[in-house]
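Structure record follows, encoded as structure tokens.
The values are calculated or read from the model by the stated rules, or taken from the named source; none is laboratory data. Remember, predicted model here, so these are calculated numbers, not experimental data. As a convention, Cβ positions derive from the backbone with ideal geometry for all residues, glycine included, and neighbour counts pool all protein chains shown. Calculation scope for accessible area: heavy atoms of the full protein, side chains included, ligands and nucleic acids excluded. Shrake-Rupley method; radii C 1.70, N 1.55, O 1.52, S 1.80 Å.
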Number of protein chains: 2
Amino acid sequence: MIKISLPKGFKVSGMHSGMKKTKKDIGLIFSQSKCVAAGVFTQNKVKAAPVILTQQILKKNEGINAVIVNSANANCCTGKQGMIDAKKMVQITSDCLNVGMNNVCVCSTGIIGHKMDMEKIIAAIPQLVDTLSYKKEAVLDFARSILTTDKDVKIKTISVNICGKKVMIIGVCKGAGMVHPKMATMLAYILTDANIEQKALTKVLKETNEVSFNAISVDGDMSTNDTVILLANAQAGNELIKTGTKEYDEFKSGLNVVLQKLAQDIVEDGEGSTKIVTITVKGTKTKKDAEKATRVIANSQLVKTSLYGQDPNWGRIASSVGASMIAGLDPDKMEIILDGVTFYNGKRIDVPAKKKAKVYKNKYVDIVVDVKAGKEEYSMFTCDLTKRYVEINAHYTT
Amino acid sequence: MIKISLPKGFKVSGMHSGMKKTKKDIGLIFSQSKCVAAGVFTQNKVKAAPVILTQQILKKNEGINAVIVNSANANCCTGKQGMIDAKKMVQITSDCLNVGMNNVCVCSTGIIGHKMDMEKIIAAIPQLVDTLSYKKEAVLDFARSILTTDKDVKIKTISVNICGKKVMIIGVCKGAGMVHPKMATMLAYILTDANIEQKALTKVLKETNEVSFNAISVDGDMSTNDTVILLANAQAGNELIKTGTKEYDEFKSGLNVVLQKLAQDIVEDGEGSTKIVTITVKGTKTKKDAEKATRVIANSQLVKTSLYGQDPNWGRIASSVGASMIAGLDPDKMEIILDGVTFYNGKRIDVPAKKKAKVYKNKYVDIVVDVKAGKEEYSMFTCDLTKRYVEINAHYTT
């Protein structure tokens, strides 16, 4: 049972427009009072039209009232028509809500390179506006409307006490194809009734995103459509949160809980995955080195298949660390610990069969590599590579 | 039927020592007259002991008479004992052949982190020496002895006319796990009776390796054991081949044919693969950009699974190119051509169903991306990602 409640002043809706066969495929977020907003977007050079447009709108900094999101079609590689369609989505939404065009963000996820079915979208938007609600069922409708290959909705709420005022945060996201994180589309919407200044909001999203969504992704978020939007409408009535204060830290902890949970949900929903894996590389000279080595392990098909096979093949991990080309690596000093059991420590450890039999057997797996060359470390989440993943992705579309 | 004949003055052998259950697992190359030698090795920071030792031996530049190779055990992450064992293999081989320890190279491939079964190896080497032969069956024995997950031997011979003299080149290699090329171990032995100076030999191996084995690999050869060794024993009696001459170019063309064929054989034998894919990115500002984009496409699990599913999902290719972050990329100019059919040219092309049905259907697939930002290009070979790959690698070992 997911605990669901929207922060004050927010309403959402989600429905089936007809782009998908039967499932919900379009959703709306609305706050009557303008929100301070921050966003994190894909670094991919091929950006979908709605990504480019939303970045432009956020830059104008006129406050955000709404976000219109569709699944089923990414509106990417759609040329000039794609931008016309994205703008049309913003325009109709702003018209129906009676807010400005610079107060509405737009997101799309789904297949690349197909013209948007604007007829269905145009017909749906007024209905989305009519069904806006703060109720749990509406949140579930919205959460469902943004899904693609996800098995289930991903929602996390938390309340934080800021100087005696209860501040609510809710996060809703989609994303499942994280086995090869570079390519996965991830959308996340974080809504809060906190009263927080722009500078603090931008900073807190950047910082928490780094250790959550970015820690399940390679080289930043590299799909064409990845978007994280954080909206704060100040309805909680707390004193303005500024950077460098106790209140900032409190808000950040709360936000961190939400983002961490959603990031783990995405990994857990990794296409066909059977294992949730935390990979930590420690003892490196720099943080960057730790991250580099962690990402090479997390992206090794050979490591990922051995996790699926429940085979603690530490040699593939050693080889990945070597391939990451980090500074100061001495194989004769390195230690590799799988689910708490040391398999290699300068040399192979003869692990008793009984102990070995328990490694990689649980759903949650823990891989630690200690390079013993310094004091930095980095962790990330990933999942295994399974036959089911190949099945899902061999025939996804076209 | 593979055409097999050894260049003059070379003998080889291969046998079952007992490290593998029944298959051949140790082999020997021998030339009575000392060879000029060149090598290309893995860039991985975790290098197997035999790689380090062979690099040291080649540096001494005292000429090479023999190479001893075992499969079943990579002798990697084996600490000081690993180096002792590699040296022992060289020492016993040199003793049995009555040549110097600096005239013998050693290679290993197989599982990482296990102590070598030296008893079996020590017993096998004299038998390998006794069975050395220039005959076809011996070449097949040697080729079999170096295999791990390969489906079959990989051998290519060619003869080149250098100033009226017939020069022979044979290449024998192993390597199959090229679906994720960073991690695949590849061993290749190229033997020739050419008379060629050291400088020319080193240069010609570097140049031909770049467009063959390196074009099926990511970021150089990143397994712990990758080794390519080229030996020339001058028995053909041709005039000394030097760099910058017509003879150099002739020898290079011949060598290129051998290496290209072996590289393609490795891709064709990719674990569980059903497709052989040539990926070309052209129209980039720099060669490096072309290579970068090609490698991102070649390593995308999503592209590889769509190849397996025979689904011409060009959107995943577009997204990969964007993720490669190359300079001057404009999605509105880019063209994507799959098996000769343009699917995207600034915008999606509506390909007739009949035409589309033929794409990705043959064993040999051709992916071309034209970035239209410059004049450089790069090609590489890869294969698809299949359920069989996951099966093979989920339970390979330990």
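I need to check one value: relative contact order of chain B, counting alpha carbon pairs closer than 8 Å and at least 6 residues apart, in percent.
Working: 962 pairs, mean separation 69.0, N = 398.
Once divided by the residue count of chain B, the mean separation gives 17 percent.
Ranked highest first by the average count of other Cβ atoms within 10 Å around their residues, in what order do B:144-157, A:348-361 fall?
On the way: B:144-157: 21.1, A:348-361: 13.8.
Highest-to-lowest ranking by the protection proxy: B:144-157, A:348-361.
Among DSSP beta bridges lying fully in region B:276-394, give the percent that are antiparallel, nearest 5.
Details: 17 of 24 bridges.
That works out to approximately 70 percent antiparallel.
How long is the gain from residue B:130 to residue B:330 if the chain were fully straight, where each residue apart is worth 0.36 nm and the alpha carbon distance is subtracted? Could the numbers behind the result be given before it?
Details: separation 200, 0.36 × 200 = 72.00 nm, distance 6.35 nm.
The residue B:130-residue B:330 span can extend by a further 65.7 nm.
Under a Cβ-only charge scheme (Lys and Arg +1, Asp and Glu -1), can you give me the dipole magnitude of chain A about the Cα centre, in debye to the nearest 20? Walk me through the intermediate numbers first.
On the way: 56 positive and 40 negative charges, 57 e Å.
Roughly 280 debye, rounded to the nearest 20.
Can you compute the modelled spin-label distance between residue A:34 and residue B:91, with each label point 7 Å from Cα toward Cβ, in nm?
A separation of 8.2 nm, rounded to one decimal place.
Once you sort the root eigenvalues of the Cα gyration tensor of chain B as a ≥ b ≥ c, which label holds: rounded (a/c under 1.5), prolate (a/b larger than b/c) or oblate (the other case)?
prolate
Measuring from a point 7 Å out along Cα→Cβ, what nm distances, shortest first, does residue A:352 have to its partners in the other copies?
Spelled out, the distances from residue A:352's label point are 7.2 nm.
Assign one of three labels to region A:58-176, namely rounded, prolate or oblate, based on the Cα gyration tensor with a ≥ b ≥ c the square roots of its eigenvalues; rounded applies when a/c is under 1.5, prolate when it is not and a/b is larger than b/c, and oblate otherwise.
Working: a/c = 1.85, a/b = 1.40, b/c = 1.32.
It comes out prolate by the Cα gyration axes.
For region B:294-299, just list the computed ³J(HN,Hα) in residue order, Karplus coefficients 6.51, -1.76 and 1.60, θ = phi - 60°, integers in Hz, with x standing in for Gly and Pro.
Residue by residue, region B:294-299 yields 4, 5, 5, 4, 4, 9 Hz.
Given a Förster distance of 22 Å, report the FRET efficiency between residue B:60 and residue B:239 from their Cβ-Cβ distance, rounded to the nearest 0.05.
Once rounded, the FRET efficiency stands at 0.25.
When the helices in the protein assembly as shown are scored as -39500 (n - 2.57) per DSSP H run of 4 or longer and the sum is shared across all residues, what 222 nm value do you end up with, to the nearest 500 deg cm²/dmol? Before the final figure, lay out the partial values.
Numbers: 22 runs with 266 residues, N = 796.
So the calculated ellipticity at 222 nm is -10500 deg cm²/dmol.
Place a point 7 Å from the Cα of residue B:375 along the Cα-to-Cβ direction; which residues of region B:286-323 have their backbone N under 19 Å from it?
B:286-291
Using only the alpha-carbon atoms, what does the protein assembly as shown span along each of its principal axes? Please give whole angstrom values in decreasing order.
Computed over the protein assembly as shown, the largest-to-smallest principal extents equal 90, 58, 40 Å.
If you average the alpha carbon positions of region B:311-361 and of region B:48-114, how far apart do those two centres end up, in angstrom?
Cα centres, region B:311-361 to region B:48-114: 47 Å.
Checking the a/c ratio against 1.5 first, then a/b against b/c, what shape does the Cα gyration tensor give for region A:276-394? Show your work: numbers first, answer last.
Details: a/c = 2.02, a/b = 1.26, b/c = 1.60.
Because a/c hits 1.5 or more and a/b fails to exceed b/c, region A:276-394 counts as oblate.
Once amide H atoms are placed 1.01 Å from N in the peptide plane, what residues at a sequence separation of 5 or more from residue A:46, or on another chain, have their amide H within under 5 Å of its amide H?
Close amide H contacts, sequence-distant or interchain: B:322, B:323.
Starting from the Cα of residue B:3, step 7 Å along the direction of its Cβ; do the same at residue A:23; then give the gap between the two resulting points in nm.
5.6 nm
Provide the net charge surrounding residue B:286, with neighbours chosen by a C-beta distance below 11 Å and charges set as Lys +1, Arg +1, Asp -1, Glu -1. Don't skip to the answer; put the middle values down first.
Values: positive: B:285, B:287, B:288, B:292, B:375; negative: B:289, B:291, B:376, B:377.
Summing Lys and Arg as +1 and Asp and Glu as -1 gives +1.
Relative contact order for region A:49-162 using alpha-carbon pairs under 8 Å, separation at least 6, rounded to a whole percent? Let's see the in-between values first.
Working: 150 pairs, mean separation 35.5, N = 114.
Relative contact order comes out at 31 percent.
Using +1 at the C-beta of Lys and Arg and -1 at the C-beta of Asp and Glu, which of B:19, B:6, A:283 has the Cα lying farthest in the positive direction of the dipole of the protein assembly as shown?
In the protein assembly as shown, that residue is B:19.
What gaps in nm, shortest first, separate residue B:207 from its twins in the other copies when you place the label 7 Å past Cα toward the beta carbon?
The projected label point of residue B:207 is separated from its counterparts by 5.7 nm.
Between residue A:287 and residue A:118, what is the label-point separation in nm under the 7 Å Cα-to-beta-carbon projection?
4.5 nm
Using the Karplus curve 6.51 cos²θ - 1.76 cosθ + 1.60 with θ = phi - 60°, work out ³J(HN,Hα) for each residue of region A:281-291 in order, rounded to whole Hz, and write x for Gly and Pro.
10, 10, x, 9, 6, 10, 4, 4, 4, 4, 5
I'd like the mean, over residues of B:308-315, of how many other protein chain beta carbons sit within 10 Å of each residue's own Cβ.
Rounded to a whole number, the mean comes out at 6.
So what are the ³J(HN,Hα) numbers for region B:351-363, from phi and the Karplus equation (6.51, -1.76, 1.60; θ = phi - 60°), rounded to whole Hz, Gly and Pro as x?
The phi angles translate into 7, x, 3, 5, 5, 4, 4, 8, 6, 6, 8, 7, 5 Hz.
Give the chain B residue with the shortest beta-carbon distance to the rotation axis relating chain B to chain A, plus that distance as a whole number of Å.
B:387, 2
Could you state how much accessible area is buried at the A-B interface, both sides summed, with a 1.4 Å probe, in Å² to the nearest 100?
Counting protein atoms only, the buried area is about 5000 Å².
Comparing the chain by itself with all protein chains present, which residues of region B:82-115 are at least 50 Å² less accessible (probe 1.4 Å)?
Checking the loss per residue gives B:112.
For region B:242-330, what's the relative contact order in percent, using C-alpha pairs closer than 8 Å and at least 6 residues apart? Please report the intermediate quantities before stating the final value.
Working: 50 pairs, mean separation 21.2, N = 89.
Relative contact order comes out at 24 percent.
Looking only at other chains, what is the average number of their beta-carbon atoms within 10 angstrom of each beta-carbon in B:64-75? Please report the intermediate quantities before stating the final value.
Details: counts 0, 0, 0, 0, 0, 0, 0, 0, 0, 0, 2, 0.
Counting Cβ atoms of other protein chains within 10 Å of each residue's Cβ and averaging gives 0.
From the label point of residue A:333, set 7 Å from Cα along Cα→Cβ, how far away are the matching label points in the other copies, in nm, ordered shortest to longest?
4.9
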